[in-house]
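Data block below; observations after.
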Amino acid sequence: MVKPRKPCPATTNWLSFLRNQINRSWAIDFVTVITLGFQALYVFLVFDHARREVLHFAIISNPAMEWVIQQLREATSFGCQPRYLFRDNDGIYGHGVSAFLLSCDMLEVRTAYQSPWQNPYIERFIGTLRRELLDHVIVLNQDHLERPLKEFIEDHYHPTRPHQGLRGETPVPQGPPGVGELISVPVVGGLHHGCCRAAA
C-alpha cells in the first residue's frame, strides 16, 4: 500500500471531544426494567455530564417519539439546555427528536452502533442504578418503580454518593461540614444510608 506523501492532519478523537465538551453536554438513554408480571417498563434518563447529575427521568410502558420529545421539553425548560446531546441509535427517537434538537439549537451527537463506551457517563450511571437499586428490588408496577427510583436519585445518588471524576464530590454539592454527632439516615427502605449532623 502506498503511503501518502503528506500525512493527514490530526483530528480530535472521541474521548478528547467528550472531555473538552463535558461542561456543555448532556446524554439521554433508556433503562429497561421487567416487573413481577413480566411487563417491560422503560425509564428515560436525561443526564448532565459535567456534574454526573440526573436532570430528568420518566417511566412509561410504551415509549414513542412524541413522548420522548415532550420529556426533552420538560428537561430543557427555562432556557436550560446543553450545546451537545449524546444519544444512541434507538429507533424510538425517530426523525422527530433530531428535528426538535435542531430547532432548539442543540447539536446531536450519535454514538456508533453497539458502542456504549462512546456514551460512558450515562452508561456508568445505568450500571450503578442496576447494581445499587434494581438488582435488589422486585418491581410490581410503574408506580412502585417510581418511588424507589426517585428516592435513590434524590436522597442517595445526588447528595451522598461521591464520584472519583468529581474529585470526591457529590453531583449536588454539599455545604461545609458542620459540628455535632453524625447520624446515619436510611434511604430507599434501608438499602442505603446517608449521614447528617445532629442539631446542637
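Some observations on this one:
- Segment R130..S115, full-extension length gain: 3.5 nm, with 0.36 nm per residue of separation and the alpha-carbon distance subtracted.
- J(HN,Hα) series, region 57-71, from Karplus relation 6.51 cos²θ - 1.76 cosθ + 1.60, nearest Hz, glycine and proline x: 9, 8, 10, 8, 8, 10, x, 9, 4, 5, 5, 4, 4, 5, 5
- Efficiency of FRET between T35 and E154 - r from beta-carbon atoms, R0 25 angstrom, step 0.05: 0.65
- Count Lys and Arg as plus one, Asp and Glu as minus one, and take only other residues whose Cβ is under 15 Å from that of A27; the net charge is then +1.
- Under 5 Å, built H, 5+ apart or other chain: amide partners of A58: F44
- Each principal axis of the Cα cloud of region 55-148 was evaluated for its coordinate range; sorted largest first, these ranges are 40, 28, 25 Å.
- Theoretical FRET efficiency, 1/(1+(r/R0)^6), r = Cβ-Cβ of D143 and N89, R0 30 Å, to 0.05: 0.45
- Projected label distance in nm at L191 and W67, using a 7 Å step from Cα toward the beta-carbon: 2.2
- Distribution of pairwise C-alpha distances over region 14-174, 5 Å bins, in %: 1, 8, 18, 22, 21, 17, 10, 3, 0
Read-outs: derived from the displayed coordinates by stated rules, not from any lab. This is a predicted model, so every value here is computed, not measured. A quick note on method: Cβ atoms are made from the backbone with ideal geometry, for glycine too, and the neighbour counts reach across all protein chains shown.
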